[in-house]
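Presented below is the structure to which this report refers.
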2 protein chains.
Amino acid sequence: MSAQPDHTARRALAQSISVVERGGAPADALIASALEHLRQAPPGAQPLVIGITGAPGVGKSSLVSALSDQARTQELRVAVLAVDPSSAATGGALLGDRVRIDERPDDAGRFVRSLATRGSGRALARAAAAASLLLEAAGFSLVFVETVGAGQADLGIARLADLVVLVEGPEGGDEVQAMKAGLLEAADLVVVNKGDRPGADAAAERLRSGLALGATPVPVLVTSALDARGVPELLQQIIAMGASRTADGRIRRIAAHLVARAEGRLAERIATADGDGTLATLARSVSEGEMPLTGAAETLLGDGRSA
Amino acid sequence: MSAQPDHTARRALAQSISVVERGGAPADALIASALEHLRQAPPGAQPLVIGITGAPGVGKSSLVSALSDQARTQELRVAVLAVDPSSAATGGALLGDRVRIDERPDDAGRFVRSLATRGSGRALARAAAAASLLLEAAGFSLVFVETVGAGQADLGIARLADLVVLVEGPEGGDEVQAMKAGLLEAADLVVVNKGDRPGADAAAERLRSGLALGATPVPVLVTSALDARGVPELLQQIIAMGASRTADGRIRRIAAHLVARAEGRLAERIATADGDGTLATLARSVSEGEMPLTGAAETLLGDGRSA
């Protein structure tokens, strides 16, 4: 584990993450330099990267905060990336300022950062993967990547994380939404939070029987972030499950970054073709029977072989 | 408007849609034949394709049903595509059988069909665009495409539809979720459904003031699918707004299909690279400093220029 960063190092890390959020050549230079640093460093344990997902309002932030407190009692260095898929049009302004406050600025073993882009979920997935590599180079051993359980960003998180934890509320119905969004199947671990409220145990039971249909049994735990009930057990379970999964974590995070980049580049191509009329021209050729569908789709993808 | 289809024609249409759901060469042949039919047909009004989106439980299906009843009183031929992003792993079985029942099988002017694939949201967007072209060739003048407001399928629907209607429930909180998912910005029209319940007018007011921040004013209507209150006004508004938007609808639907195909092909490439170890090899080259990030992402995208 590297030396405890001081305030200057924390500020530098925060600025580096801003650079990878924006992307482009400066971001690539920072990622390359983090990878260079990791190649030079003595081989050590890779960090455990935990995706925390779930619908808005289930208490993900409080749970991550409680898990961080618990991890600090074990001297683990903890970073939190809160991924907020702000909408392209408003930059999230409609929701008010959701930038997370770093509650314990004097604890050098804890680092909290919101990630938001005005771009797509892909841009967020790209930035989150890059940021996780910077956090690894900075010597953090636990990285929580918290996302609202909706949309494309979560798909990237499943690629990026060593372990995905789905957080549910105690009320019925949330689990149906989670199933619809396909979140439940991506989860390695399910947590029913707000366990102090009535219905939590029943919700856990429903989830257990629902999940019993799947191929691999998924543990369902009950927590209450309010009084930290179940939190030590959850962290223990996360670390136990993560231990067998971290072998290729760094490679997987680079791969997640590459996938998000490739998808982002296609999205850019489509947006360009949309804007300059190429897409409409292709569609018109298909409509007129002058071009087959396959050829037109390949042209759009950039293969160009059938153009 | 073409002749009223009899039971045989309806069955053939249903089977054709099953073929485009599965994709591949038979699907392409059917789409090409629908486009050929449309080229031969006398030029007429293109159908109005309306995307209906919103969170689960807001009453989208009942509202679409009420809108269809209303449209039938005006002799408009109506089709409904209910797009269900069933999860890849379970085929939606966890949710039970959600295949929509065609409630009025004897009304030849009404056609109802569920679309579901075991594939991705992109596969659904591809199938929905193709199905809308088949429905146009079959002479329907109103096509409702109903999706749950989550995930990638909706992005495709915005591309495909002439008009996107976001349905909200009367309870507070839904609008925040809709904003988070970026649904509100894609909407041309917002409907607060279940207007018989308390809070509906207040929710409409909150939405109006939230939407006032945007560039274009978005109308907010209140309906009650239960007693059809507000439904005639909503249909009138939809038709009025759609009238100015249908000019390039067919081209746009072909374009939506092409975009979904290109994205789907990239997803296949990534899945292949994931499965055969190419992706991990690329990531390892980046990790070792042997390949720049840009080159690796381009290789994955299939450009091959930097491989």
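Tally the residues that are of a type outside the set (S, T, Y) and more than 7 Å from every other protein chain (Cβ to nearest Cβ), restricting the search to the range A:270-287.
Counting residues in the range A:270-287 that are of a type outside the set (S, T, Y) and more than 7 Å from every other protein chain (Cβ to nearest Cβ) gives 6.
Consider B:T223 against the criteria (1) touching a Gly at 6+ places or on another chain (Cβ under 6 Å); (2) hydroxyl-bearing (S, T, Y); (3) within 14 Å of chain A (Cβ to nearest Cβ): it satisfies all of them except one. Which criterion is unmet?
Condition not satisfied by B:T223: (3).
Hey, can you tell me all the residues within the range B:150-181 that are among the small types (G, A, S) and at pLDDT below 60?
Across the range B:150-181, the qualifying residues are B:A150, B:G151, B:A153, B:G172, B:G173, B:A178, B:A181.
Being assigned to a helix (DSSP H, G or I), more than 13 Å from every other protein chain (Cβ to nearest Cβ), modelled with pLDDT under 95 and farther than 22 Å from A:K194 by Cβ is the requirement here; does A:A108 meet it?
The answer is no for A:A108.
Kindly indicate whether any position in the range A:243-250 is under 27 Å from B:L293 (Cβ atoms), in contact with a Ser or Thr (Cβ under 7 Å, 6 or more places away or on another chain) and not small (G, A, S).
There is at least one residue in the range A:243-250 that is under 27 Å from B:L293 (Cβ atoms), in contact with a Ser or Thr (Cβ under 7 Å, 6 or more places away or on another chain) and not small (G, A, S).
Here's the yes/no breakdown for (1) crowded, with 23+ Cβ neighbours inside 10 Å; (2) of a type in the set (D, E); (3) more than 9 Å from every other protein chain (Cβ to nearest Cβ):
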{"residue": "B:G230", "(1), (2), (3)": "no, no, yes"}
{"residue": "B:L235", "(1), (2), (3)": "no, no, yes"}
{"residue": "B:D248", "(1), (2), (3)": "no, yes, no"}
{"residue": "B:L258", "(1), (2), (3)": "yes, no, no"}
{"residue": "B:R261", "(1), (2), (3)": "yes, no, no"}
{"residue": "B:E268", "(1), (2), (3)": "no, yes, yes"}
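Please specify each residue of the range A:216-242 satisfying the condition of being among the small types (G, A, S) and either in a loop (DSSP other than H, G, I, E, B) or over 17 Å from A:V164 (Cβ atoms) (or both).
Within the range A:216-242, A:S224, A:A225, A:A228, A:G230 qualify.
So A:E146 fits all but one of (1) over 14 Å from A:R77 (Cα atoms); (2) over 15 Å from the mean Cα position of the chain (by Cα); what number is the exception?
Tallying (1) over 14 Å from A:R77 (Cα atoms); (2) over 15 Å from the mean Cα position of the chain (by Cα), A:E146 fails exactly one: (2).
Would you check if B:G24 is over 17 Å from B:V164 (Cα atoms), within 14 Å of chain A (Cβ to nearest Cβ), loosely packed, with under 14 Cβ neighbours inside 10 Å and out of contact with any Pro (no Cβ under 7 Å at 6 or more places or on another chain)?
So B:G24 fits the description; yes.
Would you confirm whether or not the range A:139-147 contains a residue that is under 20 Å from A:L235 (Cα atoms), in contact with a helix residue (DSSP H, G or I) (Cβ under 8 Å, 6 or more places away or on another chain), in a loop (DSSP other than H, G, I, E, B) and at pLDDT 90 or above?
no
(1) within 14 Å of chain B (Cβ to nearest Cβ); (2) modelled with pLDDT under 90; (3) within 18 Å of A:V80 (Cβ to Cβ): which one isn't true of A:A127, the others all being true?
Only one criterion in (1) within 14 Å of chain B (Cβ to nearest Cβ); (2) modelled with pLDDT under 90; (3) within 18 Å of A:V80 (Cβ to Cβ) is unmet by A:A127, namely (2).
Do we have B:A34 as closer than 21 Å to B:G139 by Cα and away from chain A (no Cβ under 11 Å) here?
No, not satisfied.
For A:E288, are the conditions met, namely being under 22 Å from A:D188 (Cα atoms) and exposed (fewer than 14 other Cβ atoms within 10 Å of the Cβ)?
no
For the range A:288-307, how many residues are in a helix (DSSP H, G or I) and either of a type in the set (A, V, I, L, M) or at the interface with chain B (Cβ under 7 Å from one of its Cβ atoms) (or both)?
Adding up the residues that qualify gives 6.
Quick one: B:P85 ticks every box in (1) modelled with pLDDT under 85; (2) crowded, with 24+ Cβ neighbours inside 10 Å; (3) over 14 Å from B:T147 (Cβ atoms) bar one, so which box is it?
All conditions are met except number (3).
Kindly list the number of the only condition in (1) closer than 22 Å to A:V19 by Cα; (2) surrounded by 21 or more Cβ atoms within 10 Å (Cβ to Cβ); (3) modelled with pLDDT under 70 that fails for A:G119.
Here A:G119 meets the rest and fails (2).
The values are calculated or read from the model by the stated rules, or taken from the named source; none is laboratory data. As the structure is a computational prediction, the values presented were derived from the model and not from experiment. Reconstructed Cβ throughout: ideal geometry from the backbone, glycine too, with neighbour counts over all protein chains shown.
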